[in-house]
Amino acid sequence: MLNIILFGPPGSGKGTQATRLVDAYNLVHISTGDLFRSEMEAGTELGLQANQFMSRGELVPDEVTIGILRIKMLSHRDAHGFIFDGFPRTVPQAEALDQLLSMMDQQIDALIMLDVPEEEIVQRILLRGQNSSRPDDNDEEIVRTRYQVYVSKTSPIFHYYDQKGKAFKVSGVGTIDDIFHSICEEIDSLHV
Ligand code: AMP
């Protein structure tokens, strides 16, 4: 079993790298952002509720987010491991994740942070917004709010896993291939 948190600010390339890691290590990819977007597209109550926060660049409340994550994890009890992308985003979410995994006799093996400077983040997301239908990628103010939310509420999670000796940083600037290889090096050096 291998359970990895792919960590970093919005626009740091987590989704792109997660897709490649899924194939390389045979993992189930869980992106809470993707889960919320499919609920929104399906027009469910949960999707409508999440959209109120997402459209402002704010976090969806922990109870809702942990609930959707739990359902997704329990539907993949036979997984070889998970790659978490965009989750956890708060320390209570990290605690809930640890609890859920321990109920399944598992644990987080590593948090890998993609390190990218703020200005590069904002430019990348606005560029992504030109080619996607995500409204939260199109508005600079919302993009900056998301970055600030990351700094204040999400970045402490690095310390949370660092205290357990499980947090690693790789540069998220460079080619997709180079970044992928740096992440693989970290994973391959774990004694799992
Ligand atoms: P993402 O696709 O990961 O950039 O997420 C897009 C938006 O979905 C975020 O700005 C939040 O509004 C919401 N979201 C995704 N994951 C979480 C989470 N773990 N906790 C709270 N809100 C989330």
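Could you tell me which residue of segment 71-91 is farthest from the ligand (Cβ to nearest atom), considering only residues that are over 15 Å from the mean Cα position of the chain (by Cα) and in a helix (DSSP H, G or I)?
Only one residue tops the list, namely LEU74.
Please tell me if VAL170 is within 21 Å of ALA110 (Cβ to Cβ), in contact with a strand residue (DSSP E or B) (Cβ under 8 Å, 6 or more places away or on another chain) and modelled with pLDDT under 95.
Values: within 21 Å of ALA110 (Cβ to Cβ): yes; in contact with a strand residue (DSSP E or B) (Cβ under 8 Å, 6 or more places away or on another chain): yes; modelled with pLDDT under 95: no.
Answer is no for this residue.
Could you tell me whether segment 31-48 includes any residue that is modelled with pLDDT of 95 or more, away from the ligand (no atom under 14 Å from the Cβ) and assigned to a helix (DSSP H, G or I)?
yes
Look at segment 112-141 and say how many of its residues are in contact (Cβ under 8 Å) with a residue 12 or more places away in the chain, open to solvent by 30 Å² or more (accessible area, probe 1.4 Å), in a helix (DSSP H, G or I) and not charged (D, E, K, R).
Final tally of qualifying residues: 2.
Specify which of the listed residues (ASP115, ASP139, ASP109) is under 15 Å from PRO10 (Cα atoms) and within 16 Å of the chain's Cα centre (by Cα). Give the steps one after another, and end with the answer.
Values: ASP139 fails: within 16 Å of the chain's Cα centre (by Cα); ASP109 fails: under 15 Å from PRO10 (Cα atoms).
Result: ASP115 is the single residue among ASP115, ASP139, ASP109 that is under 15 Å from PRO10 (Cα atoms) and within 16 Å of the chain's Cα centre (by Cα).
When segment 152-192 is examined, which residues are found to be without any contact (Cβ under 8 Å) to a residue 12 or more places away in the chain, assigned to a helix (DSSP H, G or I) and not charged (D, E, K, R)?
Matches in segment 152-192: SER152, HIS159, HIS181.
The values are calculated or read from the model by the stated rules, or taken from the named source; none is laboratory data. The model shown is predicted, which means the values in this text are computed figures rather than measured ones. Backbone-built Cβ (ideal geometry, glycine too); neighbour counts: all protein chains shown. The protein model used for the area step is the full one, side chains on, heavy atoms only, and it has no ligands, DNA or RNA in it. Shrake-Rupley method; radii C 1.70, N 1.55, O 1.52, S 1.80 Å.
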